[in-house]
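*Asks:* Please read through the structure below; I'll follow up with questions.
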Amino acid sequence: MSQTQQYTAPSAGTLARYQMLIGGKRVDASAGEVFETPNPFTNEVWATIPRGRNEDAIRAIEAADEAFQNGPWGRMTASARGRLLRRLAELIARDAERLATIEVTDNGKLMSEMHGQLRYIPEYFHYYAGLADKLQGAVIPSEKEDMFSFTRREPLGVCVGITAWNSPLLLAAYKLGPGLAAGNTFVLKPSEHASASTLEFAKLFEEAGFPPGVLNVVTGFGPEIGEALTTHPKVAKVTFTGSEGTGQRIYEAAARGLKRVTLELGGKSPNIVFDDANLDNAVNGVISGIFAAAGQTCVAGSRLLVQDTIYDQFVERLGEVARGARMGNPLDLSTQIGPIANAPQHKKILEYLDIAKSEGARCIAGGAAAQRAECGKGMFIEPTVFADVSNQMRIAREEVFGPVLAAIRFKDMDEALAIANDTPYGLASGVWTQDIQRALIMSQRLQAGTVWVNTYRAISYTTPFGGYKRSGLGRENGMEAVDAYLQTKSVWISTASEVPNPFMMRV
Ligand code: TXE
């Protein structure tokens, strides 16, 4: 792909009309309702999405349950499940460009990033395809001479995956890879702000040869469709990526049915720069943490902690990069900062810019909606750097989810750690230093599910990902992720010729 290659939105000039996937059929919402989805760069409606409600969720859950209980999926060998996942991976790779274009049109992410993501997502499915037939139980060395015991690792049943708008397909891969490898069936609900790529992706399941009902996709607004998804008795597990508030509601609803839950919520991740760091690399690392994807990432390094000896010069360098960043059409490969994905998020970021200013933070770059010609009618925010931020300000405590950096000073490692850990969140963190001892101590003492040293925003299907504290529950990615989609059954087989005293427990 050349840097100058231009892409066009999938349905330029026409309105795409999407349908849900339930029980292997593409269907409208039962009530026939739809909602419109705008392209955040042009601000024009480009597609309609079914406005599913609880009754549609119930249809999908029943289809997933039928596929789990009675369909060929439940009887399929783990190796055969792996083969289907590998085929799916190949189809995603084949369609990477098309799927990436749809996601960019829907949520404004950069094509340069999405193309990379879509080429990487197949690796998730290859990894978990390989794991499918290695999920072994164990033969237990029983202390009872006449007993043969072993364990089986079995799927949970119907899993509901609820995803956010910032990376719908990547988040779906986090959930479907381990969940399907383990033998579960799924109902997936993408965000109402970016549903199209997931609906398009679902078509590949049919082509790959998955039995009907193994993956179902419903769409709609959380409050209108969420109750059935999180409380229906046939749902065994809910796995969610989104905001802390919605995560809490889902956790409460799922708890009433004693469902398993995995939650990946927001963060206020510290990116910490010591004065011995390679500062060119640190500048790039801080930029990638906060301005990539216009800051709309759960791991955004939105709190920059800089050692006081280099604070002023470092922050000024960031200001320069921010002011010079190329904004514009996300489909253009040379664009560095695209639009904000949706109107409520744009409004929320603008509110935080006002809050930061009223709290006394010093704005050294950006600080407003972008008015540049190349931004057209899109919902853009200028990449923003606030200096002289204290860790008690709201701009340092609450997730903004936009290109807004809050820069805080520290004196030494102890103070950096105290500030970094003084947050309700714990999703990620970054450390920039050339001192190995300091890097190790920091990685040990930072309260976060991920610590990046001299890098930022790196992910892998091989490496567990998830939050400490209020950033979530459980882990996605890596071998550990699959455990959350399995339950253990212990099987006891007596080799004795008779049953001993039936009035006593067999201990
Ligand atoms: O999130 P929600 P929103 C954060 C970010 C952003 C804020 C709001 O700070 O500003 O969340 O974004 C579904 N039952 N993150 O409003 O509400 C909803 O339909 C069941 C961080 O989009 O959490 C969507 O599919 N489902 C995040 C999903 O929950 C419900 C990434 C997420 O929506 C529901 C994106 C209900 N009652 C935003 N209500 C991250 N961790 O990366 C809503 N939903």
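Rule-based calculations on the coordinates, nothing more; no lab input. Note that the coordinates shown come from a computational prediction; the quantities given were computed from them, not determined experimentally. Backbone-built Cβ (ideal geometry, glycine too); neighbour counts: all protein chains shown.
*Asks:* Compute the relative contact order of the chain as a whole-number percentage, counting only Cα pairs closer than 8 Å that sit 6 or more residues apart in sequence.
*Replies:* Averaging sequence separation for qualifying contacts and normalising by length gives 18 percent for the chain.
*Asks:* Given the DSSP H assignment, sum -39500 (n - 2.57) over each helix run of at least 4 residues in the chain and divide by its residue total; what's the result at 222 nm in deg cm²/dmol, nearest 500? Show your work: numbers first, answer last.
*Replies:* On the way: 16 runs with 193 residues, N = 507.
It comes out at -12000 deg cm²/dmol, rounded to the nearest 500.
*Asks:* Sequence neighbours fewer than 8 away in the same chain don't count; with that in mind, list the lysines whose C-alpha is under 18 Å from K203.
*Replies:* Straight-line reach from K203, under 18 Å: K25, K175, K189.
*Asks:* Less than 10 Å Cβ to Cβ from G161, Lys/Arg counted +1 and Asp/Glu -1: what total charge do the surrounding residues give?
*Replies:* With Lys, Arg at +1 and Asp, Glu at -1, the net is +3.
*Asks:* Mind checking the log10 I(q)/I(0) for the chain at q = 0.08, 0.09, 0.11 Å⁻¹? Debye, one equal scatterer per Cα, no solvent, two decimals.
*Replies:* Evaluating at q = 0.08, 0.09, 0.11 Å⁻¹ gives log10 I(q)/I(0) of -0.52, -0.65, -0.94.
*Asks:* Specify which residue in the list A481, I395, A439 is farthest towards the positive end of the charge dipole of the chain, using unit charges on the beta carbon of Lys, Arg (+1) and Asp, Glu (-1), about the Cα centre.
*Replies:* A481
*Asks:* For K469, give me every one of the aspartates and glutamates with a C-alpha distance below 13 angstrom, ignoring sequence neighbours fewer than eight places off in its own chain.
*Replies:* K469 reaches E244, E264, D422.
*Asks:* Additional query: So if I place +1 on the C-beta of Lys and Arg and -1 on the C-beta of Asp and Glu, and nothing else carries charge, what would the dipole magnitude of the range 360-422 be about its Cα centre? I want it in debye, nearest 20.
*Replies:* Its charge dipole is roughly 300 debye.
*Asks:* Taking loop as defined by DSSP and a crowding limit of 16 other beta carbons within 10 Å, which trypsin sites (Lys or Arg not before Pro) in the range 121-230 fit? List each step's numbers first, then the result.
*Replies:* Working: sites: K134, K144, R152, R153, K175, K203; in loops: K134, K144.
Sparse-neighbourhood loop trypsin sites (Lys or Arg not before Pro): K134, K144.
*Asks:* Another question, if that's okay. Among all stretches of the chain without exposed GluC sites (Glu not before Pro) (DSSP loop, at most 10 other Cβ atoms within 10 Å), which one is longest?
*Replies:* 146-497
*Asks:* Here is a further query. Please go through the range 362-448 and write out the trypsin sites (Lys or Arg not before Pro) that DSSP classes as loop and that have at most 10 other C-beta atoms within 10 Å.
*Replies:* Within the range 362-448, the qualifying trypsin sites (Lys or Arg not before Pro) (loop, at most 10 other Cβ atoms within 10 Å) are K411.
*Asks:* Please give the charge dipole size of the range 273-396, origin at the Cα centre, charges +1 on K and R Cβ atoms and -1 on D and E Cβ atoms. Round to the nearest 20 debye.
*Replies:* Value, rounded to 20: 580 debye.
*Asks:* Can you give the relative contact order of the range 366-493 as a percent, counting alpha carbon pairs under 8 Å and 6+ residues apart?
*Replies:* 16 percent
*Asks:* Which aspartates and glutamates does K377 reach when only Cα atoms under 14 Å apart count, and residues fewer than 8 places away in its own chain are ignored?
*Replies:* Candidates past the 8-residue exclusion: E44.
*Asks:* Still on this structure, please answer the following. Give the distance, in whole Å, between the Cα centre of the range 205-224 and the Cα centre of the range 15-82.
*Replies:* Rounded to whole Å, the Cα centres lie 4 Å apart.
*Asks:* Continuing with this model, one more query. Could you tell me which of A63, G285, F221 has its Cα farthest along the dipole of the chain towards the positive end, charges placed at Cβ (Lys, Arg +1; Asp, Glu -1), taken about the Cα centre?
*Replies:* Farthest along the dipole direction, towards plus: A63.
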